[in-house]
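The values are calculated or read from the model by the stated rules, or taken from the named source; none is laboratory data. Worth saying up front: this structure is predicted, and the values here are computed from it rather than measured. Here the Cβ positions follow ideal geometry from the backbone for every residue, glycine too, while neighbour counts run over all protein chains shown. All accessible areas refer to the heavy atoms of the entire protein, side chains included, with ligands and DNA or RNA removed. Shrake-Rupley method; radii C 1.70, N 1.55, O 1.52, S 1.80 Å.
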Amino acid sequence: ETGVTQSPTHLIKTRGQQVTLRCSSQSGHNTVSWYQQALGQGPQFIFQYYREEENGRGNFPPRFSGLQFPNYSSELNVNALELDDSALYLCASSLDRVGIMNTEAFFGQGTRLTVV
Amino acid sequence: AQSVTQLDSQVPVFEEAPVELRCNYSSSVSVYLFWYVQYPNQGLQLLLKYLSGSTLVKGINGFEAEFNKSQTSFHLRKPSVHISDTAEYFCAVTTNTGNQFYFGTGTSLTVIP
């Protein structure tokens, strides 16, 4: 148990639809990162939020957007879903931005999104 | 930017045998290195990390890894594997100014009874 919970665990959507994924961070953690893990691949960085502000973004189009709330929980929104968006979406929370000395990221169990 | 290459996509090994999972990285600056394990239908769990100091790092579940700067490698080892070690293993890198992990494509370890 990492203390990071994601919901829902599984989701099926139709191409063109919109989806919202949720993440509850570990208590006291002010940073959350989202990753996309396609089948058979390693996780790819989508973006990071630090104290409610976006703090870096990977190579993902603007239809991937996010929010971090005052309680540091977070949402990942994806508009105009495409078949290639089918993946496991992982949320990771940390005490500070990943890369700061001794900061460990704790991952949730992920949301499996299937786009049909 | 940084990148990680995991040289073996699948590694089968008999129970109680030793195993080595290979990881090489590329970076123009100093890096921090990590190994994560992913069990089926679960998120990532940290096995061990190298930040600085001793190049031999010990982690959970009897795993260890050695940082080799000249060979830009961070190979994961275990002297005797158990059935419960069957999982996907990911090597990752970040830097002290970075905001993300760069992950390899993973190595699927299968322990054979």
- line: Between the residues B:A87, A:G58, B:S70, the Cα farthest towards the positive end of the dipole of the protein assembly as shown, that dipole coming from +1 and -1 charges on the beta-carbon of Lys, Arg, Asp and Glu, is from A:G58
query: When the distances between all Cα atoms of segment A:43-116 are binned every 5 Å from zero, what whole-number percent does each bin get?
result: 3, 14, 24, 27, 18, 9, 3, 1, 0
- prompt: Given R₀ = 30 Å, FRET efficiency for A:N59-A:L83 by Cβ-Cβ distance, to 0.05?
  reply: 0.95
task: Using packing as a proxy for protection, rank A:13-20, B:3-10 so that the peptide with the highest average count of other Cβ atoms within 10 Å comes first.
output: B:3-10, A:13-20
Cys with no candidate disulfide partner in the protein assembly as shown (beta-carbon separation under 4.7 Å rule): none
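Would you mind giving the mean number of other chain beta-carbons within 10 Å of the Cβ of each residue in B:101-108, as a whole number? Don't skip to the end; give the middle numbers.
Numbers: counts 10, 5, 7, 3, 3, 5, 0, 1.
Taking the mean over all residues of the peptide, I get 4.
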field: Residue-wise HN-Hα coupling along segment B:97-113, computed from phi with Karplus coefficients 6.51, -1.76, 1.60 (Hz; x: Gly, Pro)
entry: 10, x, 10, 8, 8, 9, 9, x, 7, x, 10, 8, 9, 10, 9, 9, x
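Need one value for A:40-48: mean number of C-beta atoms belonging to other chains within 10 Å of its residues' C-beta atoms. The partial results should precede the final answer.
Values: counts 5, 4, 15, 12, 4, 7, 1, 2, 3.
That average works out to 6.
Assigning unit charges at the beta carbon (Lys, Arg +1; Asp, Glu -1) and nothing else, what dipole magnitude in debye, to the nearest 20, does chain B show about its Cα centre?
Numbers: 6 positive and 8 negative charges, 73 e Å.
Approximately 360 debye in magnitude.
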message: Step by step: find N for the protein assembly as shown, compute 2.2 N^0.38 Å, then divide the Cα radius of gyration by it. What's the final number?
response: 1.00
statement: With every protein chain kept in place and a 1.4 Å probe, segment B:51-113 has an accessible area per residue in Å² of 44 Å²
query: Based on the Cβ-Cβ distance from A:R112 to B:S84, what FRET efficiency comes out when R0 is 30 Å, to the nearest 0.05?
result: 0.85
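Nothing charged except the Cβ atoms of Lys and Arg (+1) and of Asp and Glu (-1): what's the magnitude of the dipole of the protein assembly as shown about its Cα centre? Round to the nearest 20 debye. Intermediate results must be reported in sequence, preceding the final value.
Values: 14 positive and 18 negative charges, 60 e Å.
Value, rounded to 20: 280 debye.
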statement: Comparing A:A38, A:A80, A:A92 in a Gaussian network model of chain A (Cα, 10 Å), the one with the largest mean-square fluctuation is A:A80
task: Report ³J(HN,Hα) in whole Hz for each residue of segment A:34-48, in order, from the Karplus equation J = 6.51 cos²θ - 1.76 cosθ + 1.60 where θ = phi - 60°; Gly and Pro get x.
output: 10, 10, 10, 10, 6, 4, x, 10, x, x, 10, 5, 9, 6, 10
query: Using a cut-off of 25 Å between alpha-carbon atoms, which lysines can reach B:K58, once sequence neighbours fewer than 8 places away in the same chain are excluded?
result: B:K49, B:K69, B:K78
- prompt: Can you list the HN-Hα couplings for segment B:54-65, worked out from phi with the Karplus curve (6.51, -1.76, 1.60; θ = phi - 60°), rounded to whole Hz and with x for Gly and Pro?
  reply: 3, 7, 9, 10, 9, x, 7, 6, x, 7, 9, 9
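How high is the FRET efficiency between B:D8 and B:S52 when r is their beta carbon distance and R₀ equals 35 Å, given to the nearest 0.05? Don't skip to the end; give the middle numbers.
Numbers: r = 27 Å, r/R0 = 0.78.
Here the calculated transfer efficiency is 0.80.
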task: Would you please give the residues with an amide H less than 5 Å from that of A:E52, counting only those at least 5 places away or on a separate chain, with H modeled from the backbone geometry?
output: none
- prompt: Quick one: what Rg and Dmax do you get for segment B:23-113 from the alpha carbons, in Å?
  reply: 13.2, 44
